[in-house]
Amino acid sequence: MEFSSKLLENAVYEVSQLPGIGKRTALRLVLHLLRQPESQTKNLTSALLNLRQEVKFCKSCHNISDFEICEICANPKREKALVCVVEDVRDVMAIENTGQFRGIYHVLGGKISPMDGVGPMDLNVASLVEKVKEGTVDEIIFALSSTMEGDTTNFYIFKQLQPYKVVTSTIARGIAVGDELEYADEVTLGRSILHRVPFENSLKNE
């Protein structure tokens, strides 16, 4: 792709580094910004810089937050003894949109994937085990996507929690195998949480 301006080329290159955006789409977005008032570009730049410099991760659940403890964990109406384990913030948002879950979350920050060089130590597993050790958790709900990596991660955490008295369950398989939670419709996802099953049962079905 030939560019008439190095400034344009650099902007397109940076935008094309975002996931799912090729150079043609990046060019279209950059040209769109050029046609808009300068204030719009400044607002976008400011929002991204503020996000990068000021965003925090909740000390309790590792969710993205504006504060040391996120609003969900700080909410006295949430059931602190019920913990839903998810891969990332997108899954928290998807489950919250169902309005069916009143517990709190634990964001792992990924899934075990040897092919991608991601092991258990790269995830927020130790802090989850520590929560359970403290005796403040009654049930852990596994809500990772039904992929090989998701199932491997579930099983690893399950084995880590076996020495402790905690109920482990998994969302019902209303979510198709291989599907990501963020793409599931709210009704299906809500039902899969309400009709969760003991994790041991999911092992028998493997």
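Worth a mention:
- Computed from phi, the 3J(HN,Hα) profile of region 39-48 under the Karplus parametrisation 6.51, -1.76, 1.60 (θ = phi - 60°) reads 4, 5, 5, 5, 5, 5, 4, 5, 4, 5 Hz, with x in place of Gly and Pro.
- Charge dipole of region 33-146 about the Cα centre (unit charges at C-beta), most positive-ward option of Val129, Asn97, Ser146: Asn97
- A simple rule links phi to the HN-Hα coupling: the Karplus curve 6.51 cos²θ - 1.76 cosθ + 1.60 with θ = phi - 60°, which for region 151-156 gives 5, 4, 5, 4, 5, 4 Hz, with x for Gly and Pro.
- By the beta-carbon count within 10 Å of each Cβ, the least crowded to most crowded order of Asp66, Asp122, fewest first, is Asp66, Asp122.
- Model label points for Asp66 and Leu49, set 7 angstrom from Cα along the Cα-to-Cβ axis, are 2.0 nm apart.
- Förster radius 41 Å - calculated FRET efficiency between Glu14 and Asn75, Cβ distance, rounded to 0.05: 0.60
- Translational diffusion of region 6-54 was estimated from the Stokes-Einstein equation, with Rh taken as the Kirkwood radius over Cα pairs; at 37 °C and 0.692 mPa s the coefficient is 286 µm²/s.
- Three principal axis extents describe the C-alpha atoms of the chain; from largest down they are 65, 37, 34 Å.
- Descending Cα extents along the principal axes, region 26-128, whole Å: 51, 40, 26
- Nearest-ten-degree value, helix 23-35 long axis tilted from longest Cα axis of the chain: 60
- Three-way shape call for region 70-165 based on the alpha-carbon gyration tensor, with the a/c threshold at 1.5: oblate
- Relative to the dominant Cα principal axis of the chain, helix 89-98 is inclined by about 70°.
- Cβ-based exposure ranking for His32, His106, His62, in which fewest neighbours within 10 Å come first: His32, His62, His106
- Cα gyration tensor category, rounded, prolate or oblate, for region 69-123 with a/c compared to 1.5: prolate
- R0 of 25 Å, Cβ-Cβ distance Asn124-Lys165: FRET efficiency to nearest 0.05: 0.70
- Here Ile104, Ile69 are placed in order of increasing Cβ neighbour count within 10 Å, fewest first, which gives Ile69, Ile104.
Throughout, read-outs are computed from the coordinates displayed, never taken from laboratory work. Keep in mind that this is a model prediction, so the values were computed, not measured. With ideal geometry, Cβ positions are generated from the backbone for all residues, glycine too; neighbour counts draw on all protein chains shown.
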